[in-house]
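Each remark here refers to the structure printed beneath this line.
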Amino acid sequence: MLCRWWISLGLILCVSIPALARAGDWSPLAGEMQWSYAISGVNKLAIAGMQQSQRVRGTRTVEVRDVRRDHPESPYELVDTRVTRSDGETGESRKVLRMWLRKDKQGLFDVAEEFANPFQGGVRQMVHYSPALKLLPPDPEAGQTWDVGVLQVVGLHIKLTGKVLGLRDVETPAGRYTGCLEVQYSGPITGQLESPEGPLPIRSGSARLTSIFAPGIGTVVEQEHFELRMRVPDGPVIRSVERNRYELVSSTLLPGAPANAAPSRSTQPAQ
């Protein structure tokens, strides 16, 4: 059965790239804020001449907690919860990622993350980044690039480079947003997945993550694209391709958010 080899990187990694530019314009960040998203995705797997495709649907909620009293070096905690259901499965999958962020004159940084290892019965693991991952420079401009750092999880290493693609308009279930900032994170995947059957060495892999931020609202659309080629212990090579999309459904922001925070409604329904 191919199903035993399904590896959902988006849900294992729970990749969450919040971003901030000019202290609140692109993504206000404070305690008790919350964003809700609709998830849609497709996983494709090929092994020993067999191929299988699986659709994924679900919901995602991102909450901010102000923890500066206990963690002044990383005062914002993000709790990213994803509940999904895949084709052919009767139950739901629930993944929770916790991130600790720091914001200063140099930009926005990911200091630490805690996640469940699906290959070890959901045991929680903590990763501290030193230096911290640089998620966004303080004043992003179109064409600007920077080294984000190396994302680490369940034996994988993803060396990410960030790039500001520019401004664009976007449609979501929450409404139409204009003049949004589009940022792309990309890089190679190396290392090996520590599976119950033994380590799965990565022969080649790549990640491409795109985030779109509306002024005064934050992230309104995210897209993930992962490709991996892995060697099964004493077996064939697995090729996995995964694409996920997250679209804003609703948000709870701080009082006094900028006037441009309200989306402009489109006469056409979101696709």
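The values are calculated or read from the model by the stated rules, or taken from the named source; none is laboratory data. Remember, it's a predicted structure, so these values are computed and weren't measured experimentally. Note that each Cβ is placed from the backbone with ideal geometry, even for glycine, and that neighbours are counted across all protein chains shown.
Say whether the condition of being within 20 Å of Ile189 (Cα to Cα), polar (S, T, N, Q) and in contact with a Gly (Cβ under 9 Å, 6 or more places away or on another chain) is met by at least one residue in region 139-153.
Yes: region 139-153 contains one or more residues that are within 20 Å of Ile189 (Cα to Cα), polar (S, T, N, Q) and in contact with a Gly (Cβ under 9 Å, 6 or more places away or on another chain).
Does at least one position in region 216-224 carry a residue that is out of contact with any strand residue (DSSP E or B) (no Cβ under 7 Å at 6 or more places or on another chain) and surrounded by 18 or more Cβ atoms within 10 Å (Cβ to Cβ)?
The answer is yes, given that some residue of region 216-224 is out of contact with any strand residue (DSSP E or B) (no Cβ under 7 Å at 6 or more places or on another chain) and surrounded by 18 or more Cβ atoms within 10 Å (Cβ to Cβ).
Leu108 - would you say it is out of contact with any Gly (no Cβ under 6 Å at 6 or more places or on another chain) and of a type in the set (A, V, I, L, M, F, W, C)?
Yes; evaluated as a whole, the condition is true for this residue.
Just to be sure I understand, how many residues within region 86-95 are surrounded by 16 or more Cβ atoms within 10 Å (Cβ to Cβ) and more than 18 Å from Gln152 (Cβ to Cβ)?
1
Can we say Gly191 is in a strand (DSSP E or B) and on the phi > 0 side of the Ramachandran plot?
Yes, satisfied.
Quick grid of which residues meet (1) free of Cβ contacts under 8 Å to residues at least 24 places away in the same chain; (2) touching a strand residue (DSSP E or B) at 6+ places or on another chain (Cβ under 8 Å):
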{"residue": "Thr90", "(1), (2)": "yes, no"}
{"residue": "Gly107", "(1), (2)": "no, yes"}
{"residue": "Glu114", "(1), (2)": "yes, yes"}
{"residue": "Tyr129", "(1), (2)": "yes, yes"}
{"residue": "Leu133", "(1), (2)": "no, yes"}
{"residue": "Asp147", "(1), (2)": "yes, yes"}
{"residue": "Leu151", "(1), (2)": "no, yes"}
{"residue": "Gly155", "(1), (2)": "no, yes"}
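Identify the residue in region 189-228 that is polar (S, T, N, Q) and out of contact with any helix residue (DSSP H, G or I) (no Cβ under 7 Å at 6 or more places or on another chain) and, among all such residues, is farthest from Ala46 (Cα to Cα).
It comes out as Thr219.
Looking at region 28-44, is at least one residue out of contact with any strand residue (DSSP E or B) (no Cβ under 9 Å at 6 or more places or on another chain), at pLDDT below 85 and surrounded by fewer than 19 Cβ atoms within 10 Å (Cβ to Cβ)?
No, every residue in region 28-44 fails to be out of contact with any strand residue (DSSP E or B) (no Cβ under 9 Å at 6 or more places or on another chain), at pLDDT below 85 and surrounded by fewer than 19 Cβ atoms within 10 Å (Cβ to Cβ).
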